[in-house]
Amino acid sequence: MLYLLQVQGEERSLLFETSKAIRDNLLGNQVFLRGLIEYSNVCQKDCLYCGIRKSNNNQQRYMLNKKEVIECAKFAYENKYGSIVIQSGERQDALFIAKITAFIKEIKKMSKSELGITLSLGEQKPEAYREWFEAGAHRYLLRIESSNAEIYSKIHPQNQLHDFEKRIQALHDIRKAGFQLGTGVMIGLPFQTLEHLADDLLFLQRIDVDMVGMGPYIEHKDTPLYSYKDQLLPRKERLELTFKMIAILRIMMKNINIAATTALQAIDPMGREKAIKIGANVIMPNITPGSFRKSYKLYEDKPCTDEAPGECTECLDARIQMIGSKISYNQWGDAPHFTNKTITLN
Ligand code: SAM
Ligand code: SF4
């Protein structure tokens, strides 16, 4: 893995051709969509890298109302996205949990149970995961951020709310509730070496993840981690490492879903398409109402902050065709890694 993370020239091409061939043979040369709804940037946490962390007073806070959330889901449904993701800053209070449950039920009703629902709502109590799964959500994404406990502790405040062991436990709780499990890491963090990244890949394999979202770390000036900006790899190198991580993971875990994340596009306008070309198979177009998108600013240069969702859909279809792939509309697009497991267990 360490060798592959550093290959250049012909060997690099071979790595990418291999990972693409595996994706094409096992999953088809196709991409699944998840319309991304950024529900709220209110967050109880203070992750040292994130622009919407609780202590960032320069960030205006918002929360979509039920009508707005359902409108977003309707847009995804009518445009044949097949699936949505509800993402948010982390809150664990009863009101938040009840609201999400109501959204899930309403979206299921509106779409006659046809829209798949992924959640990315941070760490919760096992009861909350169960409630949301029973309401109809079926995939959950919670990144481990770094599988190295020491790095994790350096990029988070030192308190119970940001505890590495709790994060790991949350992954197990999510799976136990019945969800397809998604996790992932940031690439190019301060203190992170190639050895750490190789360990991250082994972690993903060990935890037997069904879907992965990993992307480059991008600094945000209103965060404590910004003080390390001069020690980071150049952005282009973080991008290159992300491509190699995706390709190696595709070879290691052939039938999982791997997302081409938005952070790739923040570094290179064609970043997501390039990831699709080498083995990723999921894209998450942002369908949050335009006026709120500027406020969900996790990092600098976050793309698509001005566009209306419709414009994004059209340009995306053309972009995916341009790289010789196609969008598979009206599909949940579950990873065979999960569905095969379920069939075996049953
Ligand atoms: N609050 C939930 C959580 O933390 O799991 C979900 C939303 S959070 C904004 C989603 C992801 O954004 C995080 O898991 C993290 O990896 C990513 N993120 C936050 N700040 C970032 C940054 N500066 N660069 C790249 N990714 C970042
Ligand atoms: Fe909150 Fe998630 Fe950002 Fe951490 S990464 S501050 S939990 S939104």
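Numbers for the structure displayed
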read-out	value
Search result, residues across the stretch 34-76 that are touching a Leu at 6+ places or on another chain (Cβ under 8 Å) and more than 24 Å from Glu145 (Cβ to Cβ)	Cys72, Ala73, Ala76
Filter result for Glu68 (of a type outside the set (A, V, I, L, M, F, W, C), closer than 15 Å to Gly290 by Cα and more than 16 Å from ligand 2 (Cβ to nearest atom))	yes
Selected residue (only one of Pro303, Pro224 is surrounded by fewer than 21 Cβ atoms within 10 Å (Cβ to Cβ) and within 16 Å of ligand 2 (Cβ to nearest atom))	Pro224
Residue ID - farthest from Lys80 (Cα to Cα), chosen from residues in the stretch 103-126 that are of a type in the set (Gly, Ala, Ser) and away from ligand 2 (no atom under 16 Å from the Cβ)	Ser113
Pick from the stretch 179-203, criterion out of contact with any Phe, Trp or Tyr (no Cβ under 9 Å at 6 or more places or on another chain) and not in a helix (DSSP H, G or I), ranking: surrounded by the most Cβ atoms within 10 Å (Cβ to Cβ)	Gly184
Out of Lys176, Lys229, sole residue that is open to solvent by 60 Å² or more (accessible area, probe 1.4 Å) and within 14 Å of ligand 1 (Cβ to nearest atom)	Lys229
Inter-residue pairs, beta-carbon under 8 Å, first at positive phi and in the stretch 267-287, second open to solvent by 10 Å² or more (accessible area, probe 1.4 Å), 6+ apart	Gly279/Phe16; Gly279/Lys20; Gly279/Ile22
Yes/no for Ala149 being surrounded by fewer than 16 Cβ atoms within 10 Å (Cβ to Cβ) and either under 21 Å from the mean Cα position of the chain (by Cα) or among the β-branched types (Val, Ile, Thr) (or both)	yes
Failed item, numbered, when Lys166 is tested on (1) open to solvent by 30 Å² or more (accessible area, probe 1.4 Å); (2) in a helix (DSSP H, G or I); (3) farther than 19 Å from Asp200 by Cα	(3)
Members of the stretch 38-85 found to be outside any loop (DSSP other than H, G, I, E, B), within 16 Å of ligand 1 (Cβ to nearest atom) and open to solvent by 60 Å² or more (accessible area, probe 1.4 Å), listed by number	Met63
Condition check for Phe133: in a helix (DSSP H, G or I), open to solvent by less than 20 Å² (accessible area, probe 1.4 Å) and either within 16 Å of ligand 2 (Cβ to nearest atom) or modelled with pLDDT of 95 or more (or both)	no
In the stretch 88-110, the residues that are closer than 19 Å to Pro289 by Cβ and surrounded by 21 or more Cβ atoms within 10 Å (Cβ to Cβ)	Ser88, Gly89, Ile100, Phe103, Ile107
Matching residues, the stretch 37-46, being in contact with an Asp or Glu (Cβ under 8 Å, 6 or more places away or on another chain) and near ligand 2 (Cβ under 7 Å from one of its atoms)	Cys43, Lys45
Condition check for Lys294: without any contact (Cβ under 8 Å) to a residue 24 or more places away in the chain and open to solvent by 30 Å² or more (accessible area, probe 1.4 Å)	yes
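The values are calculated or read from the model by the stated rules, or taken from the named source; none is laboratory data. Keep in mind it's a predicted model, so treat the numbers as computed, not measured. Cβ sites come from the backbone with ideal geometry, for glycine too, and all protein chains shown count toward neighbours. Side chains included, ligands, DNA and RNA excluded: accessible areas come from the protein's heavy atoms. Shrake-Rupley method; radii C 1.70, N 1.55, O 1.52, S 1.80 Å.
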